[in-house]
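Derivation of every value follows stated rules applied to the coordinates shown; laboratory data play no part. Quick caveat: nothing in here was measured; it's all calculated off a predicted structure. Cβ atoms come from the backbone with ideal geometry, glycine included; neighbour counts cover every protein chain shown.
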Amino acid sequence: MTTIHDLMFGPTIEDRACGDCVACCQVLNIDQPDLKKPEGQLCPHCTGAGCGIYETRPQVCRSWNCAWKRIATMPPETRPDAMGVLFTVDRHSPPRNLFENLYIIAVATGDEAALDSRNTRDAIRMFAEGPLPIFVSFGGMKTLVHPEPNLADAILHPEATFDRTLVEPGREWLKRYAPFARAGSGEAAMLPPGI
Ligand code: SF4
Ligand code: SF4
């Protein structure tokens, strides 16, 4: 089955090793019969440098991989344990606004300041060349950083937005995003008619 991670980032790269990284063992919300843990809480099976039940770990842990494991142009220093930030693609179900149908998210795993590091900003710039919105997240709170606030306003409220020069770029942005929004949510909540 093709996942949204496969769709947006491609398959996992064979020679990308997790090493001592355990960022996803903290970041992911896992709700499986054999393992339940909330987002942001380190899995009880994590040794701090790997998985204590590696041979019998749940399927979700075997198949899930962050953006770094899938995108060849992300350099070694952007592995989540080195950068302090994990990039992935996600959706909120149900979406509470247009941008939550499908989005890139950068999650700070320890220090919030890592979201403002050069490596993180470079990665955000790279993802901003694609069609998806980008959120940054720390402590369970996420903030939209792409499109920037004025363009986001023009996308959400084209009739009322103050800067009229952003209305057309907003429409263009939305046209690029619409197919991915549909793929992410299945119904692309809050897409305006005709897009
Ligand atoms: S966050 Fe990425 S690199 Fe780190 S353990 Fe998970 S899949 Fe591996
Ligand atoms: S079971 Fe292992 S791989 Fe899965 S979240 Fe827990 S420590 Fe990580």
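General observations
- Cα long-axis angle, helix 167-185 against the chain (0 to 90 degrees, to the nearest 10): 40
- Only Lys, Arg (+1) and Asp, Glu (-1) charged, at Cβ; the chain dipole about Cα centre in debye: 280
- Across the stretch 4-185, Cα-Cα distances exceeding 24 Å account for 40% of all pairs.
- Two-site FRET efficiency, residue 182 against residue 144, from Cβ-Cβ distance with R₀ of 30 Å, rounded to 0.05: 0.95
- When each of the peptides 73-86, 156-169 is scored by the mean number of other C-beta atoms lying within 10 Å of its residues, the order from highest to lowest reads 73-86, 156-169.
- Rounded tilt (10° steps) of 118-128 against the dominant C-alpha axis of the chain: 50
- With R₀ fixed at 22 Å, the C-beta to C-beta distance from residue 47 to residue 111 puts the FRET efficiency at about 0.50.
- Relative contact order of the chain, defined on C-alpha pairs under 8 angstrom at six or more residues apart (%): 17
- Here the gap between residue 1 and residue 72, fully extended at 0.36 nm per residue and compared with their Cα-Cα distance, gives a gain of 23.3 nm.
- Exposure proxy shown here: for 46, 61, 24, the number of other Cβ atoms within 10 Å sets the order, fewest to most, as 46, 61, 24.
- Estimated [θ] at 222 nm from DSSP helical runs (n ≥ 4, -39500 (n - 2.57)) normalised by residues in the chain, nearest 500: -8000 deg cm²/dmol
- Whole-Å distance, taken between Cα centres, linking the stretch 106-162 and the stretch 1-70: 23
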